[in-house]
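Enquirer: Okay, handing you the structure first.
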Amino acid sequence: MLKTIKSGRKRIGQGEEIVMGVAANMARRVDPEEPNELLRGVANDRSGGVVKSSLRVLSVLEHFQANPRPARTTEIGRALGIPNSSIDDILKTLVRTGYLAFDPRQKVYLPSYRIVTLARRLEGSFFGGTAVSDLMDEVHRRTGQTIWLCMQNDRWVQCSAIIPGSDFHSGVHVEGFTDYDWSTAAGMALLSSKPQEMVVEIAKRMFRTEPPAKRTASVTALLDKVRTARKQGYATSRGFSAEGATAVAVAFQPKFMRVPVAIGLVSTEPEDAPGTSALGTVLRQIAARHQRLAELHRANEDDLAISPE
């Protein structure tokens, strides 16, 4: 069950923001107990386009995320269900390319710093450095709840990152999970940041391709929700992760960022309840402040780059 989050008021600077109280037992950043179940689901997908060797490489990297310690070949192979001959080739390839390191004395493998370097460079090129992670971190500190980040991936909305909080549930909060329904809070937040003609196109496509039994909204209803999200600065959807829960999300896209993302969490109250509105207001205010800071930082960097000094 999701824990009830109490709200209070706190004065910050000259303005007053509604700040959600932190849960009594503040959740630590916890790693899942095992590699992402999504990989196993994709491996069993029979729709085509799935390369087993690629999934195995990803599962090796996620094994170290779930088990943050050096490991032997047999341990990794047994945990992932990969034969020793295959896992040995994968590990040696990752060592030769610099993504894993090998300790010949202990005969164990561990992640190389090249993984960190790659992630940071991609983060800087596509997401404005730490702008997104800084935003997620602050929302997590202020609420104590699980914070999730979603992006558009082709025609779908996909969860790309999670910071576990007091309401974390491994069967619900899954990094990589793909949702085909744009009427969710994350989908509505992402749509609200797009041009109207693109919103109409996505709405029509979703309604046309979704089976009638699974249709959650008409095109008109979806467009009405987008207008509401734009007006209030955040989006909501009922029934997220548990009965009686409401997802709340905001769009985040500084001018220099190549793709928009949606940051969200869960309210235990209905969509129109004061607690949900307060949560949406907090998200909107924090996101707006981080967007201004990120754009100001980038502008200063650009000025320094052309400075005669």
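The values are calculated or read from the model by the stated rules, or taken from the named source; none is laboratory data. Quick caveat: nothing in here was measured; it's all calculated off a predicted structure. Note that each Cβ is placed from the backbone with ideal geometry, even for glycine, and that neighbours are counted across all protein chains shown. To get the accessible areas, we keep the full protein, side chains included, count just its heavy atoms, and leave off ligands, DNA and RNA. Shrake-Rupley method; radii C 1.70, N 1.55, O 1.52, S 1.80 Å.
Enquirer: Order Val60, Val174, Val116 by their accessible area, 1.4 angstrom probe, all chains in place, largest first. Each step should come with its number before you reach the end.
Expert: On the way: Val60 0, Val174 35, Val116 55 Å².
If we order Val60, Val174, Val116 from most to least accessible, we get Val116, Val174, Val60.
Enquirer: Let me ask something else about it. When N is the residue count of region 103-156, what does its C-alpha Rg come to as a fraction of 2.2 N^0.38 Å?
Expert: Working: Rg = 16.4 Å, N = 54, 2.2 N^0.38 = 10.0 Å.
It is 1.63.
Enquirer: Round to the nearest 10 and report in Å² the accessible area of Met206, as given by a 1.4 Å probe over the protein chains' heavy atoms.
Expert: 10 Å²
Enquirer: Considering only protein heavy atoms, what is the solvent-accessible area of Phe256 at a probe of 1.4 Å, reported in Å² to the nearest 10?
Expert: Ignoring ligands and nucleic acids, Phe256 comes out at about 50 Å².
Enquirer: Something else about it: Dipole magnitude of region 56-202 about its Cα centre, charges +1 at Lys/Arg Cβ and -1 at Asp/Glu Cβ only, in debye to the nearest 20? Don't jump to the answer; show the numbers that get you there.
Expert: Numbers: 15 positive and 16 negative charges, 175 e Å.
Once rounded to the nearest 20, the dipole reads 840 debye.
Enquirer: For the pair Thr97 and Met198, what calculated FRET efficiency results from E = 1/(1 + (r/R0)^6), where r is the Cβ-Cβ distance and R0 = 51 Å, to the nearest 0.05? Mind showing how you got there, number by number?
Expert: Details: r = 38 Å, r/R0 = 0.75.
It comes out at approximately 0.85.
Enquirer: Okay, next question. Need one value: the accessible area of Glu197 in square angstrom, 1.4 angstrom probe, rounded to the nearest 10.
Expert: Surface accessible to solvent at Glu197 totals approximately 130 Å².
Enquirer: Also, I was wondering about something else. Distance check, please: which entries in Lys204/Lys225; Lys52/Lys194; Lys194/Lys225 exceed 24 angstrom between their Cα atoms? Intermediate results must be reported in sequence, preceding the final value.
Expert: On the way: Lys204/Lys225 14 Å; Lys52/Lys194 35 Å; Lys194/Lys225 14 Å.
Beyond 24 Å: Lys52/Lys194.
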